[in-house]
Ligand SMILES: Nc1nc2c(ncn2[C@@H]2O[C@H](COP(=O)(O)OP(=O)(O)OP(=O)(O)O)[C@@H](O)[C@H]2O)c(=O)[nH]1
Ligand SMILES: [Mg+2]
Ligand SMILES: [Zn+2]
């Protein structure tokens, strides 16, 4: 029974770190792999060598998965259910080839470290292959792939009806990141009590009717849609991602029925007067599966996609681009472009076309 399940009772052991940081600080704290293939930690001058492949036979004491990260510590729940506070070892064997060496959700091999205390400590010496991931392009000097979470089945893209108003351009980026990362997308519009639900449903019709993506309306404040959402997520592992302040942590609290997560209401913690989630973290779902809470993202740079491939991820264009005059049509300036014609006739949602242009442009930068 204990295998691969996060027990909520473990939360006492996973100490909430006092880094109630903004998104920028969160990025600062992430380890980034430099061009030389080494991981550089910003906070301390530690270096980790990364070797491709698996750790040599007999080296690993226990396997498990990363449940949370705080500062430089990775919290690993072993397959027998214990939580270990881990640091990357001097040499880490990685089976994946992504630029983020470690991410919450990763399957890892650890060696025990006995430091004389009764806290379980370990070193991570192996990182397994990722079956799925939510990645984005890092910002500024952290430009590289950032794996926000790995090895989950689905992504619940959370936005709010108001405060902050949902952002369809960001939503379109999420859908591409989901497909690239092999995640099944679902959309959740929270704080629905603040707006007219029918108007929003109409505004999002392209997602439900053309792209066949479930859109679930919720209000944590008024208890609307929580059962529907819980049923939709049941038995899967799902990452919740979206802008800050939309209610991701509140939804996780509502679904799990526990105050596992501090949300924006706890007022003493940050300079903003709000508690924001500062790193990714896994929670057990009642009845099976995981929920992963993540920090709010203002932007989602698409990682590793050629601009010319963008149209293939806009599935509402699928019926049209084979009819363009040029097979290499980018659907921007070319004559006899079936996509542009469909946009003009509103057979393709013109706002989706705006997203398309913006994403192609950003990939060309
Ligand atoms: N009106 C309204 N407010 C809500 C609802 N759900 C959450 N909130 C409030 O929205 C604020 C932000 O909620 P959080 O759950 O912390 O948001 P988050 O998405 O986790 O934010 P980050 O951790 O910063 O990414 C808090 O003050 C919540 O109480 C809702 O359904 N309606
Ligand atoms: Mg949060
Ligand atoms: Zn075209």
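The values are calculated or read from the model by the stated rules, or taken from the named source; none is laboratory data. In this text, all values refer to a predicted model and were calculated from it rather than measured experimentally. Here Cβ is always computed from backbone atoms with ideal geometry, including for glycine, and neighbour counts include all displayed protein chains.
Determine whether residue 357 is within 13 Å of ligand 1 (Cβ to nearest atom), under 30 Å from residue 190 (Cβ atoms) and at pLDDT 95 or above. Judged against the criteria, residue 357 is not a match. Taking the range 76-101 as the range and being crowded, with 22+ Cβ neighbours inside 10 Å and either out of contact with any strand residue (DSSP E or B) (no Cβ under 6 Å at 6 or more places or on another chain) or under 17 Å from residue 237 (Cβ atoms) (or both) as the test, the residues that pass are 76, 77.
Report yes if some residue within the range 299-318 is closer than 26 Å to residue 194 by Cβ, at pLDDT below 95 and not assigned by TED's automatic domain parsing to the domain that holds residue 65; otherwise report no.
Narrowing the range 299-318 to residues closer than 26 Å to residue 194 by Cβ: 299-300.
Checking the rest, the ones that are also at pLDDT below 95 come to 299-300.
Keeping just the survivors that are not assigned by TED's automatic domain parsing to the domain that holds residue 65 gives 299-300.
Within the range 299-318, one or more residues are closer than 26 Å to residue 194 by Cβ, at pLDDT below 95 and not assigned by TED's automatic domain parsing to the domain that holds residue 65.
Could you tell me whether the range 144-163 includes any residue that is crowded, with 24+ Cβ neighbours inside 10 Å, without any contact (Cβ under 8 Å) to a residue 40 or more places away in the chain and farther than 20 Å from residue 283 by Cα? No, the conditions are met nowhere in the range 144-163.
The number of residues in the range 252-292 that are near ligand 1 (Cβ under 7 Å from one of its atoms) and at pLDDT 85 or above comes to 0.
Where residues in the range 158-195 are part of a strand (DSSP E or B) and either at pLDDT below 95 or within 11 Å of ligand 1 (Cβ to nearest atom) (or both), which of them is nearest to the chain's Cα centre (by Cα)? Break it down into steps so the answer makes sense when it comes.
Filtering the range 158-195 for residues part of a strand (DSSP E or B) gives 158-160, 165, 184-190.
Pick out the ones that are also either at pLDDT below 95 or within 11 Å of ligand 1 (Cβ to nearest atom) (or both) and you get 158-160, 188-190.
Values: 158: 11, 159: 14, 160: 17, 188: 14, 189: 17, 190: 18 Å.
Once the filter is applied, the top-ranked residue is 158.
Tallying residues that are in a loop (DSSP other than H, G, I, E, B), over 19 Å from the mean Cα position of the chain (by Cα) and either within 16 Å of ligand 2 (Cβ to nearest atom) or closer than 25 Å to residue 365 by Cα (or both) within the range 276-322 yields 2.
Can you say whether residue 229 is in contact with a strand residue (DSSP E or B) (Cβ under 7 Å, 6 or more places away or on another chain), modelled with pLDDT of 95 or more and more than 25 Å from residue 355 (Cα to Cα), as far as the supplied structure shows?
Working: in contact with a strand residue (DSSP E or B) (Cβ under 7 Å, 6 or more places away or on another chain): yes; modelled with pLDDT of 95 or more: yes; more than 25 Å from residue 355 (Cα to Cα): yes.
So residue 229 fits the description; yes.
Where strands (runs of 3 or more DSSP E) sit wholly within the range 93-140, those with at least 3 residues that are within 28 Å of residue 173 (Cα to Cα) and touching a residue at least 60 places away in the same chain (Cβ under 8 Å) occupy 133-137. What residue, of 90, 116, 122, 138, is more than 30 Å from residue 226 (Cα to Cα) and under 17 Å from the mean Cα position of the chain (by Cα)? So the residue among 90, 116, 122, 138 that is more than 30 Å from residue 226 (Cα to Cα) and under 17 Å from the mean Cα position of the chain (by Cα) is 138. When residue 236 is tested against (1) assigned to a strand (DSSP E or B); (2) modelled with pLDDT under 95, exactly one condition is not met: (1).
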